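Beneath this line is the structure, given in structure tokens, with notes to follow.
The values are calculated or read from the model by the stated rules, or taken from the named source; none is laboratory data. Treat the numbers as computed from the prediction; the structure is a model and nothing was measured. Backbone-built Cβ (ideal geometry, glycine too); neighbour counts: all protein chains shown. Remember, those area values only see protein heavy atoms, side chains included, never the ligands or the DNA or RNA. Shrake-Rupley method; radii C 1.70, N 1.55, O 1.52, S 1.80 Å.
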Amino acid sequence: MTNSGAAQGSRKFKLPEETSVLVALIVLIGIVGALRPTFLKPTNLLNLAASYAIAALLAGCIVFLLSMGEIDLSFGWILNLSAVLAGISMIAGAPVWVGIVIGVAAGTAMGALNGVLTVFMRLPLIIVTLGTASVFQGVSLISNNSGSVVPTDERITQHVFFRALGGSIDTPVPIILIFVVLCFIGLHLLLHKTRFGYRILAIGSNPEAARLAGIPTKKIKIQVCALMGAVSGVGGVLFLGFRGAVDPSTGGQMLLPVVAAAIIGGTPLSGGAGTIWGSLIGAMIVGVIGVGVVFIGIDAVWGTLVTGLVILFAIGVDQVVRVRKKRAS
Amino acid sequence: MMKSRKARVGALALAATMALTAGGVASPAQAKEKKLTIGFVVHVVGNPFIQQIIDAAKMAAKDLGVNIKVTGPAGAEGDAQLTAVQNLAAAGVDGIATSVPSASMVNGLNAVIKSGIPIVQFNGLGEGVNAPYVGEKSTQSGRILGKMVLDKIGGTAAKGKVIVGNCYPGFPVLENRQAGVLESLKKAAGVTVVGPSDVKVDAAANFAAWQGLLAANPDALAMVGLCAPDVESIGKVNKAANNTKTIGAGYDLTAGNLEALANGSAHISLGQTPFIQGYLPVYILVDSIKNKIKINKPGFIDAGTEVVTATSVTEPFKLPALTFKDLQAMATSKTKTRKYYDPVVKGYIKNWKKNLKPVSDESA
């Protein structure tokens, strides 16, 4: 095939925008797999993917905020406090499903609070959540006297929710992965196939133009913050079921990998665009790097440097493919 | 055109391969021999005390002729650490030593143990993990520290404030130390405890927290920390405030902490023998794997407590007497450390099975 022929072909069939980051992921998996073939065992890949599922879910949701030109620093602590409240209520005697509802509702309320504060204080969400992150962490520490929440009652630990997420029920694919993929389908449809999603992208592109066009920007901001809180709450109860306990530090280190996953996935910080599936692939890239460093046996002292270099490499591959695609189109 | 694209992608792939393989791929000689591989997971990377544990683990691996893979999250978080343990298990290591700072790690670790990979815990105990634990007697060491502080500020007749700081509230071993310190301080009815306050792990945040606490309580008789960065921070805070009245006390024998004792800006530091906490878990794993000894139930092996002031050094396990200068030299020399602990390696560590106690001894 000639070059012009190739160009013609690419005009007819437009590759999805996530192609470039998918190529980067495949290259990374190929490299780690070539060096350590056991890495490619399906059971390994599924179990390892399950470990990164909650961070991936949060990455999928933070795309909404990034698309709107905002960023939330508090979602890790929303996750923590939601899980703590769910766990405490279960331990106090509430049925497990009620505990789950309490956790998700608490997350939604915390997210909505972020939204209300940012709208009424007329401050960027990043500044508001600098404060609320500490508030949520503080309430979490107070709620359980800075200890771990560990449900031990069989009524809780033998409940289908804990057994399914904790791996006591054998399934070909970890339940948490199935759940997160379903959430991703929902998030994708919400951002790209609904009026709500189009409005978010419009606000991110040009907030003033969106407002003049009649989009209720304040309401949408509050709704998106509440959505982030709700998904963080879901992440919290998933964590409780998956790990069987919540620690005072849970969620505290999630900010960087989650935001990195969304950005690596192709969502710009400037707003106006976003890709849910890209964030899933980005989360997988972050996961493969973390796993690859361990599989290959890179010493802890070198691990951070190598992680940084490989992230740069992944972004590099993404950029090369993007430029090629742009030129071809 | 195609050629240049291929070359670019090829170069990127090569660069990534080089990056990924730069740190620690087994050499061809190692690959030929079927050596055991031990995974070693710490709760935080880049902490001087944890690095002493890692150094000792590597010394054990060298002595025993096994490979070691050291990993851990940059910031202390149980979930990231558990994922590292699971990754090592999936990578096919023969055994794993890990600290357990979080209750949320317990189920995941037990699943790894159930899959047939032995685990030894060190430094941070996870209640319910079916594996032996190597560490200090945390409550007892707190009692020792509290008593030493009390002796320095006037004994049971002391009157005034003592500031207590905990860098990681909720971390079980630290909570035990705290309970021990408070138990000893309670013996002086006139002592009021300020805190325990969260003084953070990060060195800069730790210093700022102690600075604030002293500024708010300039008349404090003592500042007592429970973590590795505290003694150095307290020393710097005392020095900056030109304060010679407030006793500084805490844990671990890092070079910075020893310097604070040496210059008189801090006064007491308890060590928890990082050498034993790093060396012994690797030894137990290798011994149990080679000799098919089952270690899949909780147990406790005391790593001992070192009591250090600027004028005296008390070491556990009848180790040879040390001067403060010897200790300072050891804090920065792996060779001197290995040589000093040789009697422990040949005795206490070699006979680890005899020294394995019920896990309840840890908090007795």
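So here's what we get for this one:
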| read-out | value |
| --- | --- |
| Residue satisfying condition, being of a type in the set (V, I, T) and under 20 Å from B:D79 (Cα atoms), within set A:V234, A:V224 | A:V234 |
| Flag for B:S138 being within 11 Å of chain A (Cβ to nearest Cβ) and in contact with a helix residue (DSSP H, G or I) (Cβ under 7 Å, 6 or more places away or on another chain) | no |
| Any hit, the stretch A:116-138, residues being within 14 Å of chain B (Cβ to nearest Cβ), surrounded by 14 or more Cβ atoms within 10 Å (Cβ to Cβ) and assigned to a loop (DSSP other than H, G, I, E, B) | no |
| Looking only at the stretch A:67-77, and only at residues there that are part of a helix (DSSP H, G or I) and within 20 Å of A:S249 (Cα to Cα), the one that is farthest from the other protein chains (Cβ to nearest Cβ) | A:F75 |
| Considering residues of the stretch A:306-320 that are loosely packed, with under 15 Cβ neighbours inside 10 Å and of a type outside the set (G, A, S) only, the residue nearest to A:P257 (Cα to Cα) | A:L312 |
| Which numbered condition A:V323 fails, given (1) modelled with pLDDT under 80; (2) open to solvent by 40 Å² or more (accessible area, probe 1.4 Å); (3) facing chain B (nearest Cβ under 7 Å) | (3) |
| Failed criterion for B:A204 (all others in (1) over 28 Å from A:V150 (Cβ atoms); (2) touching a residue at least 40 places away in the same chain (Cβ under 8 Å) hold) | (2) |
| Residue, nearest to the other protein chains (Cβ to nearest Cβ), within the stretch B:92-127, restricted to residues that are touching a residue at least 24 places away in the same chain (Cβ under 8 Å), of a type in the set (G, A, S) and farther than 27 Å from B:E175 by Cα | B:G92 |
| Failed item in (1) in contact with a helix residue (DSSP H, G or I) (Cβ under 8 Å, 6 or more places away or on another chain); (2) in contact (Cβ under 8 Å) with a residue 24 or more places away in the chain; (3) in a helix (DSSP H, G or I); (4) not acidic (D, E), with A:S89 passing the rest | (2) |
| Selection from the stretch B:327-364 of residues that are outside any helix (DSSP H, G or I) and of a type in the set (A, V, I, L, M) | B:L356, B:A364 |
| Enumeration of residues in the stretch A:295-305 that are part of a helix (DSSP H, G or I), of a type in the set (V, I, T) and open to solvent by less than 10 Å² (accessible area, probe 1.4 Å) | A:I296 |
| Scan of the stretch B:55-77 for residues that are buried (at least 20 other Cβ atoms within 10 Å of the Cβ), at the interface with chain A (Cβ under 7 Å from one of its Cβ atoms) and aliphatic (A, V, I, L, M), ordered by number | B:V70, B:A76 |
| Failed item in (1) in contact (Cβ under 8 Å) with a residue 12 or more places away in the chain; (2) within 24 Å of A:G229 (Cβ to Cβ), with A:I127 passing the rest | (1) |
| Tally, over the stretch B:346-360, of residues that are open to solvent by less than 60 Å² (accessible area, probe 1.4 Å) and more than 16 Å from B:T273 (Cβ to Cβ) | 1 |
| In the stretch B:237-246, the residues that are surrounded by fewer than 21 Cβ atoms within 10 Å (Cβ to Cβ) and not aliphatic (A, V, I, L, M) | B:K239, B:N242, B:N243, B:T244, B:K245 |
| Filter result for A:V21 (more than 10 Å from chain B (Cβ to nearest Cβ), in a helix (DSSP H, G or I), at pLDDT 90 or above and open to solvent by less than 50 Å² (accessible area, probe 1.4 Å)) | no |
| Members of the stretch B:78-91 found to be facing another protein chain (nearest Cβ under 7 Å) and of a type in the set (A, V, I, L, M, F, W, C), listed by number | B:A80, B:A84, B:L88, B:A90, B:A91 |
| Subset tally (residues that are under 17 Å from the mean Cα position of the chain (by Cα), farther than 26 Å from A:G272 by Cα and open to solvent by 10 Å² or more (accessible area, probe 1.4 Å)) for the stretch A:82-111 | 1 |
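Here's the yes/no breakdown for (1) under 30 Å from A:V119 (Cβ atoms); (2) more than 22 Å from the chain's Cα centre (by Cα); (3) at the interface with chain B (Cβ under 8 Å from one of its Cβ atoms):
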position	(1), (2), (3)
A:L25	no, no, no
A:G33	no, yes, no
A:R36	no, yes, yes
A:F39	no, yes, yes
A:N47	no, no, yes
A:A50	no, no, no
A:L58	yes, no, no
A:C61	yes, no, no
A:L65	yes, no, no
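Results for (1) touching a residue at least 60 places away in the same chain (Cβ under 8 Å); (2) under 22 Å from A:T38 (Cα atoms); (3) not small (G, A, S), shown as yes or no for each residue.
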| position | (1), (2), (3) |
| --- | --- |
| A:V286 | yes, yes, yes |
| A:I289 | yes, yes, yes |
| A:I296 | yes, yes, yes |
| A:D318 | yes, no, yes |
| A:R327 | no, no, yes |
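Every residue, every condition in (1) under 23 Å from B:M105 (Cβ atoms); (2) at pLDDT below 95; (3) acidic (D, E), yes or no:
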{"site": "A:G233", "(1), (2), (3)": "yes, no, no"}
{"site": "A:G241", "(1), (2), (3)": "yes, yes, no"}
{"site": "A:D247", "(1), (2), (3)": "yes, yes, yes"}
{"site": "A:P257", "(1), (2), (3)": "yes, yes, no"}
